[in-house]
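In what follows, a single structure is set out as structure tokens and then discussed.
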Amino acid sequence: MAVKINEKAPDFKVKAYHNEDFKEISLSDYKGKWVVLFFYPADFTFVCPTELEELAENYGELQKLGVEVLSCSTDTEFVHKAWHDNSEAIKKVKFPMLADPTGKVARDYGVYIEEEGLALRGTFIINPEGVVKAYEVNSNDIGRSAKELIRKIQAAQFVEKHKGEVCPASWEPGKETLKPSLDLVGKI
């Protein structure tokens, strides 16, 4: 992996399709916000629209958590627009759709498939300081869960706010956390 946990996420500047317009977007534009960078293989495919639709349906909840979503594939911004115009699922997308036709961003994040010219299903959670707090990379035949992504973001935000506490398996807001100490060793 080119990206490491608790290290700065690689910045980028790319074209995007967003809110019926073409824009230039950089990761640094989102400094001070949580970001989900959501790679997928290609527009006009099969699993991808199910993931982006589910993400779009949960976008309001993510925004309430102070999170911006940036989806990214190796398609151009023009293909993103055509997909948005022609797919009922993708019409729901309100977050920026990044264009990475050279694969540079996907390479920088370690999810580029050289022989295919596509990205793997990579999800990167980046904190407001631009530091990678979690990532998940799936084979392109395995779709992701927006519900689990939201849970991970909530855990990352909790531990950032409550230094010295950690979130156990399947932790959700309101459930108990742990305070690592010598007293806990061997007692869980």
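Listing for the model above:
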| read-out | value |
| --- | --- |
| Check on residue 187, more than 26 Å from residue 57 (Cα to Cα) and touching a residue at least 60 places away in the same chain (Cβ under 8 Å) | no |
| The stretch 4-18, residues that are part of a strand (DSSP E or B) and touching a Gly at 6+ places or on another chain (Cβ under 9 Å) | 8 |
| Cross-chain or 6+ apart pairs with Cβ under 8 Å, the stretch 20-45 first and surrounded by fewer than 14 Cβ atoms within 10 Å (Cβ to Cβ), then among the hydroxyl-bearing types (Ser, Thr, Tyr) | 44/87 |
| In the stretch 155-188, the residues that are buried (at least 16 other Cβ atoms within 10 Å of the Cβ) and among the polar types (S, T, N, Q) | 157 |
| Of the criteria (1) in contact (Cβ under 8 Å) with a residue 40 or more places away in the chain; (2) on the phi < 0 side of the Ramachandran plot; (3) not hydrophobic (A, V, I, L, M, F, W, C), which one residue 165 fails | (1) |
| Output for the stretch 164-177, where each listed residue is in a loop (DSSP other than H, G, I, E, B) and not aromatic (Phe, Trp, Tyr) | 164, 165, 167, 168, 169, 170, 172, 173, 174, 175, 176, 177 |
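Quick grid of which residues meet (1) more than 30 Å from residue 160 (Cα to Cα); (2) surrounded by 23 or more Cβ atoms within 10 Å (Cβ to Cβ); (3) at pLDDT below 95:
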position: 47; (1), (2), (3): yes, no, no
position: 52; (1), (2), (3): no, yes, no
position: 63; (1), (2), (3): no, no, no
position: 78; (1), (2), (3): yes, no, no
position: 89; (1), (2), (3): yes, no, no
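The values are calculated or read from the model by the stated rules, or taken from the named source; none is laboratory data. The shown structure was predicted, so the numbers you read here are calculated from the model rather than taken from an experiment. For neighbour counting, all protein chains shown are included, and Cβ atoms are generated from backbone atoms with ideal geometry for every residue, glycine included.
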